[in-house]
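J.: Pasting a structure below so you can have a look.
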Amino acid sequence: SLPALMRAAKASHKAAKAGLEHGTEAETVQTIMKQTERASLADAEGSFDVIGDLLFSVVELARKRGIDPEEALYKSTDRFVDRFTDTENTVLSQGKAMKDMSPDELAAIWNKIAR
């Protein structure tokens, strides 16, 4: 069994190759925006399917743009981890712990760290 992201990419590619294309790139972006709104309004139970659909649509957009979604997510995760580490180190250098800071204080430090 393939990892979910790779499986979604292969399924999207196979469907498109067979002629089952779910709209243009712009329509896919619109779908992602609608699904994001649905996800923000869904309860915990409904969120599961909505978020799954959203993730699949993002994989479709990546395919349409010639982007490997696995590689894109991997690199994005690397950037996040680096930024989180820098945020954590900044907080520690102030003699504090992240769990003791307010969300606004953490966001201010996070936003100062440029990537």
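Taken together, the values in this text are just the output of simple stated rules run on the coordinates, not laboratory data. Because the structure is predicted, anything quoted here is derived from the model rather than measured. Every residue, glycine as well, gets a Cβ built from its backbone with ideal geometry; the counts of neighbours run over all protein chains shown.
J.: Give the separation of the Cα centroids, the range 7-63 to the range 72-115, in Å.
T.: 30
J.: So which aspartates and glutamates pass the test for LYS99, namely a Cα distance under 20 Å, with those fewer than 8 places away in the same chain ruled out?
T.: Cα-Cα hits under 20 Å: ASP82, ASP86, GLU88.
J.: Below 19 Å, Cα to Cα, which aspartates and glutamates can LYS34 reach? Residues fewer than 8 away in the same chain don't count.
T.: Reachable aspartates and glutamates: GLU21, GLU25, ASP43, GLU45, ASP49, ASP53, GLU60.
J.: Taking the Cα centre of the chain as origin, sum charge times position over the Cβ atoms of Lys and Arg (+1) and Asp and Glu (-1), and report the length of that vector in debye to the nearest 20.
T.: 400
J.: Plugging the Kirkwood radius over Cα pairs into Stokes-Einstein for the range 57-112, at a temperature of 20 °C and a viscosity of 1.002 mPa s, what D comes out in µm²/s?
T.: In µm²/s, the coefficient is 163.
J.: Suppose we keep just the alpha-carbon trace of the range 1-62; what are its Rg and Dmax in angstrom?
T.: In order Rg, Dmax, the Cα atoms of the range 1-62 give 12.3, 35 Å.
J.: From Cα pairs below 8 angstrom and at least 6 apart in sequence, can you work out the relative contact order of the chain, rounded to a whole percent?
T.: Relative contact order comes out at 25 percent.
J.: Give me the mean projected area, in nm² to one decimal, of the convex hull enclosing the Cα positions of the chain.
T.: 9.8
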